[in-house]
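The values are calculated or read from the model by the stated rules, or taken from the named source; none is laboratory data. Everything numeric here is computed off the predicted structure, so don't read it as measured data. Glycine also receives a Cβ, built like all others from the backbone with ideal geometry; neighbour counts cover every protein chain displayed. Protein only, heavy atoms only, side chains kept; ligands, DNA and RNA dropped before computing areas. Shrake-Rupley method; radii C 1.70, N 1.55, O 1.52, S 1.80 Å.
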Amino acid sequence: MALPQRVFSGVQPTGNLHLGNYLGAITRFVELQDSYDCIYCVVDLHAITVPLSVWGGPEGLRTATRQVTAAFIASGIDPERHIVFNQSQVGEHAELAWVFNCVARLGWLSRMTQFKEKAGKDRENASVGLFAYPNLMAADILVYRATHVPVGEDQKQHLELARDIAAKFNHDFAESIAANGHGEAFFPLTEPLITGPATRVMSLRDGTKKMSKSDSSDYSRINLTDDADTIALKFRKARTDPEPLPTEIDGLADRPEASNLVGIFAALTGRSTDDVLAEFSGPFSRFKEVLVEAAVSKLSPINAEMRRLMSEPDQIDAILTKGAERAQAIARPNMDAVKDIVGLLRR
Ligand code: AMP
Ligand code: TRP
């Protein structure tokens, strides 16, 4: 029996949601709603893998979880038609992650570049959770047996690991999977969906670094909570090179800042890079004005709606709880099947 085509993705509630999250992930989440059953998750258990001072402590975590939820809804995700919830409310994620801790190999996790970056030089002092992070991410996806995962470019390696885990589980337990009536494979090999002009939005201060929640300079990113004046100021200050914008894509080679701004504009307006250059080649100052206009007209309504939603936290919490119940109705039978396959007795 073919499994349903199901989309799953997650966003961490840490720090500021920015234009990279919006263009690389959230706008894609919105588009996919018409073609798939979608599950969108605020991954609070992933947030606590970094030091408490980074994720902001209990009150900071609660606020950030609500804020990501508000951003989802304000951007056009429909929590009635699809499922929106926070990870920790569905215990099956952590339960399956434990099984995956026993499937994934130390060597696989040691190769994860995000762990190396986040752990930095002081690796001995990184949490065990940070190391096992990709196993929990695989569990997030596979506890729903999701088939497609929209993410930005930076998550590609983690998704490859999720496929490796699914394949090893299917292989190691092949006999039991068949004996339990699941045919040849229990978990799907999930397809990453990494497409569009903005899978890797770069910092406004340095076109070789990705735009990130954790960059110490707020001028490096456009936050979804920035007002129109702040957006304008940040784009005006954004680093560029002294050359004008070229007429063709070839002219963007080795010009990371120029490429980034053109990519952002293309993504915001749904136009191709060729088209954008054909119209706006010439001085940066003129291009930056239209860029500001495009960003403000896209982000202002989202910003206003986020504020409105955040003024009623109880309603956000109610959406998350209802979403968690619906998510669990899918996750629990899958987790029970995993228990049967592995040989864990259950009620
Ligand atoms: P995170 O904030 O790390 O939870 O990321 C949430 C989603 O946004 C993931 O799908 C990331 O791949 C995506 N993302 C994060 N930063 C960027 C960026 N600079 N450009 C494009 N996508 C991004
Ligand atoms: N690791 C992802 C990020 O930092 C967030 C995430 C957690 C996720 N679980 C996921 C993304 C499952 C896709 C699917 O962006």
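In the stretch 221-255, the residue that is surrounded by the fewest Cβ atoms within 10 Å (Cβ to Cβ) out of those that are of a type in the set (S, T, N, Q) and not in a loop (DSSP other than H, G, I, E, B) is T230. Of the residues contained in the stretch 286-302, one or more are found to be over 26 Å from L17 (Cβ atoms) and without any contact (Cβ under 8 Å) to a residue 40 or more places away in the chain. Consider the stretch 175-193 and keep the residues that are surrounded by 14 or more Cβ atoms within 10 Å (Cβ to Cβ) and more than 20 Å from W108 (Cβ to Cβ). The one that is nearest to the chain's Cα centre (by Cα) is L193.
When K156 is tested against (1) within 16 Å of ligand 2 (Cβ to nearest atom); (2) in contact with an Asp or Glu (Cβ under 9 Å, 6 or more places away or on another chain), exactly one condition is not met: (2). Counting the residues of the stretch 64-103 that are among the charged types (D, E, K, R), outside any loop (DSSP other than H, G, I, E, B) and either farther than 27 Å from V342 by Cβ or not assigned by TED's automatic domain parsing to the domain that holds G129 (or both) gives 1. Check the stretch 6-18 and report whether any residue there is under 30 Å from G181 (Cβ atoms), charged (D, E, K, R) and either more than 15 Å from ligand 1 (Cβ to nearest atom) or free of Cβ contacts under 8 Å to residues at least 12 places away in the same chain (or both). Yes - at least one qualifying residue is present in the stretch 6-18.
Selection of the stretch 105-138 for residues being open to solvent by 100 Å² or more (accessible area, probe 1.4 Å) and either among the acidic types (D, E) or within 15 Å of ligand 1 (Cβ to nearest atom) (or both) yields E117, E124. Applying the set (1) within 11 Å of ligand 2 (Cβ to nearest atom); (2) within 23 Å of K118 (Cα to Cα); (3) at pLDDT 95 or above to G60 leaves exactly one unmet item: (1). Close contacts from the stretch 151-168, counting a first residue that is farther than 16 Å from F8 by Cβ and a second that is in a helix (DSSP H, G or I) and more than 11 Å from ligand 2 (Cβ to nearest atom), with Cβ to Cβ under 8 Å and a gap of 6+ residues or different chains, come to Q157/T113; D164/W108. Against the test of being touching a Ser or Thr at 6+ places or on another chain (Cβ under 7 Å) and away from ligand 2 (no atom under 13 Å from the Cβ), the options Q33, Q67, Q5 yield a single qualifying residue, Q5. M211 passes every criterion in (1) more than 14 Å from ligand 1 (Cβ to nearest atom); (2) modelled with pLDDT of 95 or more; (3) outside the structural domain of Y144 (by TED's automatic domain parsing) apart from (1).
Of the listed requirements (1) over 30 Å from D241 (Cβ atoms); (2) open to solvent by 70 Å² or more (accessible area, probe 1.4 Å), H158 misses just one: (2). Return a yes/no flag: does the stretch 37-45 have any residue that is assigned by TED's automatic domain parsing to the domain that holds I316, among the aliphatic types (A, V, I, L, M), assigned to a helix (DSSP H, G or I) and more than 26 Å from Q157 (Cβ to Cβ). The answer is no; no qualifying residue exists. Which of the following residues is touching a Ser or Thr at 6+ places or on another chain (Cβ under 8 Å) and without any contact (Cβ under 8 Å) to a residue 40 or more places away in the chain: S212, S220, S216? Every option except S220 fails the conditions.
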